[in-house]
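Colleague: One structure, as structure tokens, below. Some questions next.
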Amino acid sequence: MLSNKSKLVSLLALPAVLIYGAAVLAEEMVMIPQGNYSPFFLKKELVNNSTATKIKIDAFWMDAAPVTNLQFQAFVSQHPDWHPTNIKKIFSDSHYLDHWQNTHGTANTADLNKANLDAPVVNVSWFAAAAYCEAQDKRLPSTDEWEYTLNDNDRDKENLQKQIIRWYSVPNRAPLAVKSQPANGFGIFDLAGLIWEWTADFNSYMAPPDSRNSGDKTQFCGSGSLSASNLDDYAAFMRYSYRESLKGNFTGKNLGFRCAKDAK
């Protein structure tokens with residue numbers, strides 16, 4: 001039988017990647033490596049000031065899967081200000097956590113059944129999502145981080161696009177449990193085909209709807225397509241358009257989130 005000292009020596013002899021892998025498994029986060037990618041849109045303030053086709057993404061951690069009802073239920077229990085009966089109207093619309101309501105219209109986390117507990121939490125506002133991440137000492141991923149992770153270094157790009165388009169083409173339905181589909185090459189689940197997800201800077205990319213009156217002839221109703229990096233990427237245009245339509249207090253029955261944090 002190995003002594004404690006022998007066990008420590010054995011652990012130190014393991015490759016670093018295996019030690020990090022154990023930490024990832026425990027925290028359900030995955031380290032996304034540093035890299036470069038071509039964003040579908042540059043941020044609004046960079047459109048006229050940059051000719052770069054690729055941007056650098058620093059390494060960061062991302063949740064392996066979207067936050068579930070079970071996880072958000074635990075958060076609400078510890079932070080009652082974010083319970084549906086207590087949340088301030090400025091932080092959410094009237095449909096906040098609608099799927100947690102019982103037949104009498106009363107919000108009650110006890111009404112969630114086991115099947116729904118493993119499904120991603122939806123009907124959450126940006127404010128609620130950001131508060132959850134902060135409580136976990138995390139943050140919402142930036143749009144560039146989220147899109148970079150979805151891009152997956154262009155692995156299986158054609159099949160990914162087909163999957164996304166198929167998902168967009170069917171009516172919204174109650175989300176399945178997380179991790180019902182295979183992970184991508186980074187080890188991240190459910191970026192496509194399950195729910196839409198909040199990002200930290202969700203409406204910072206496309207031209208605002210009133211830009212036709214701004215005097216800038218490069219920005220008008222169709223300017224989104226003019227500044228897109230790939231006019232054939234309909235799925236990406238849908239994602240950015242959807243994000244741009246949101247406000248921080250909006251909720252949606254297929255809108256959830258996952259967290260990220262800086263690599264240290």
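The values are calculated or read from the model by the stated rules, or taken from the named source; none is laboratory data. Predicted model only: the values in this text are computed from it and were never measured. All Cβ positions, even for glycine, are placed from backbone atoms using ideal geometry, and neighbour counts span all protein chains on display. Ligands, DNA and RNA are excluded from the accessible area calculation, which covers all protein heavy atoms including side chains. Shrake-Rupley method; radii C 1.70, N 1.55, O 1.52, S 1.80 Å.
Colleague: Inside segment 141-167, can you point out the residues that are touching a helix residue (DSSP H, G or I) at 6+ places or on another chain (Cβ under 8 Å) and of a type in the set (Val, Ile, Thr)?
Modeller: Within segment 141-167, Thr143, Ile164, Ile165 qualify.
Colleague: Let me ask something additional. Please find, among Ser225, Ser229, Ser204, the residue that is open to solvent by less than 60 Å² (accessible area, probe 1.4 Å), in a loop (DSSP other than H, G, I, E, B) and either over 15 Å from Tyr168 (Cβ atoms) or modelled with pLDDT under 80 (or both).
Modeller: Ser204
Colleague: Tell me whether segment 169-182 contains one or more residues that are free of Cβ contacts under 8 Å to residues at least 12 places away in the same chain and under 22 Å from Met31 (Cα atoms).
Modeller: Yes.
Colleague: In segment 126-163, how many are more than 15 Å from the chain's Cα centre (by Cα) and either in contact (Cβ under 8 Å) with a residue 24 or more places away in the chain or within 21 Å of Asp63 (Cβ to Cβ) (or both)?
Modeller: Of the residues in that region, 9 qualify.
Colleague: Pull up segment 136-165, narrow it to residues that are open to solvent by 70 Å² or more (accessible area, probe 1.4 Å) and outside any helix (DSSP H, G or I), then point me to the one that is nearest to Ala74 (Cα to Cα).
Modeller: Gln136
Colleague: Taking only pairs six or more apart or across chains, which ones have beta-carbon atoms under 7 Å, a first residue in segment 66-94 that is closer than 22 Å to Trp196 by Cβ, and a second residue that is open to solvent by less than 40 Å² (accessible area, probe 1.4 Å) and basic (Lys, Arg)?
Modeller: Pro66/Arg258; Val67/Arg258
Colleague: For Asp111, only one of the following conditions fails: (1) open to solvent by less than 80 Å² (accessible area, probe 1.4 Å); (2) of a type in the set (Asp, Glu); (3) at pLDDT 90 or above. What is its number?
Modeller: (3)
Colleague: Somewhere in segment 37-54, is a residue closer than 18 Å to Thr149 by Cβ, under 23 Å from the mean Cα position of the chain (by Cα) and at pLDDT 90 or above?
Modeller: No, that holds for no residue.
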